[in-house]
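Taken together, the values in this text are just the output of simple stated rules run on the coordinates, not laboratory data. Quick caveat, the model's predicted, so the values are computed rather than measured. Glycine also receives a Cβ, built like all others from the backbone with ideal geometry; neighbour counts cover every protein chain displayed.
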Amino acid sequence: MVTVTKPRSPGAEAYRTLRTNIHFAAAARPLRSLLCVSAGPGEGKSTAVANLAVVMAQAGTRVVVLDGDLRRPSQHAIFNLRNAPGLTNLFLSAAETPGADLPLQSTAVENLRLLASGPRPPNPVELLASGRMEEILGRVVERADIVLIDSPPLVPFADAAVLSAKADGVVLVVGAGTVKRDLVRKAKAQLEAANARVLGVAVVNVAFDAASFGPYYEGDASPSGSPAA
Ligand SMILES: Nc1ncnc2c1ncn2[C@@H]1O[C@H](COP(=O)(O)OP(=O)(O)OP(=O)(O)O)[C@@H](O)[C@H]1O
Ligand SMILES: [Mg+2]
């Protein structure tokens, strides 16, 4: 992760700028849960969630990453942790009582914890749409200053749209050059239909000429994107 391995690189700086922009976008109304979505697969949502979580935690914010991608979870792998127990266990457990501890895992980053997705369920949309999910999210929010939520692609799954109605804000991650314009339009329409509060669009993996910024960036002149992986 660029924010951990190259904190002074342009890619890491881009995530700090994103953090600031989110901060301003959220000034009017409190933002305790933020969902990252994208139109199609592989655009960089999970990478963006993890890096944004790191820069927020580095600023002293208590962050929980909630892996809401119950289909192809990846946050546990990014942070070198286990995928279970996690979110779906909270639906399974009959013994689960209000107030019982959440299976939060500490990460190597201070102030940053993970609620992994847990064992893969047969009915992700049903779980995510349930009142139980709302209750669980409420409990996670109590344990952090902000909860960053990962999700599967908006097209063709309903998961992210369902989650977008439960989160305080949504960031649409667009992989530069990887996604078709009409797919992004479709995603935007889905978010509007779900009444999501879209705070902004983060374009990732933009070609970036670090050399032209030489004096301002130390250490890394990687030409990789902005924000980068
Ligand atoms: N900004 C970036 N620059 C370069 N590579 C990136 C960037 N963001 C992500 N990648 C790479 O692209 C691949 C997909 O990224 P990622 O898993 O974050 O996408 P995703 O949108 O979460 O995918 P999925 O829809 O499968 O959940 C990964 O191999 C990741 O390392
Ligand atoms: Mg992902």
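Numerical summary
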{"quantity": "With 10 Å bins from 0: P(r) over the chain, alpha-carbon pairs, percent", "calculated": "8, 35, 37, 16, 3, 0"}
{"quantity": "Cut-off under 5 Å, modelled amide H: who pairs with Ser33 long-range", "calculated": "Val147, Asp168, Gly169"}
{"quantity": "Leading residue at positive end of dipole, the chain (Cβ point charges), from Leu163, Leu35, Val174", "calculated": "Val174"}
{"quantity": "Region 93-201: radius of gyration and largest Cα-Cα distance (Dmax), Å", "calculated": "15.4, 47"}
{"quantity": "Percentage relative contact order, the chain, counting C-alpha pairs under 8 Å, at least six apart", "calculated": "32"}
{"quantity": "Per-peptide average of other Cβ atoms within 10 Å, ordering 114-121, 81-88, 181-188 highest first", "calculated": "114-121, 81-88, 181-188"}
{"quantity": "The chain - charge dipole about Cα centre, Lys and Arg +1 at Cβ, Asp and Glu -1, debye rounded to 20", "calculated": "260"}
{"quantity": "Computed [θ] at 222 nm, helices only, for the chain once each DSSP H run of length n ≥ 4 contributes -39500 (n - 2.57)", "calculated": "-9500 deg cm²/dmol"}
{"quantity": "log₁₀ of I(q)/I(0) at q = 0.14, 0.20, 0.26 Å⁻¹ - region 15-108, Debye sum with one point per alpha carbon", "calculated": "-0.62, -1.14, -1.46"}
{"quantity": "By average C-beta atoms within 10 angstrom, highest first, the peptides 195-201, 152-158", "calculated": "152-158, 195-201"}
{"quantity": "Met133, Met56 arranged by Cβ crowding within 10 Å, fewest neighbours leading", "calculated": "Met133, Met56"}
{"quantity": "Ranked by how many other beta carbons lie within 10 Å on average, peptides 159-167, 123-131 from highest", "calculated": "159-167, 123-131"}
{"quantity": "Hull volume in cubic angstrom per residue (convex hull over the Cα atoms of region 141-204)", "calculated": "89"}
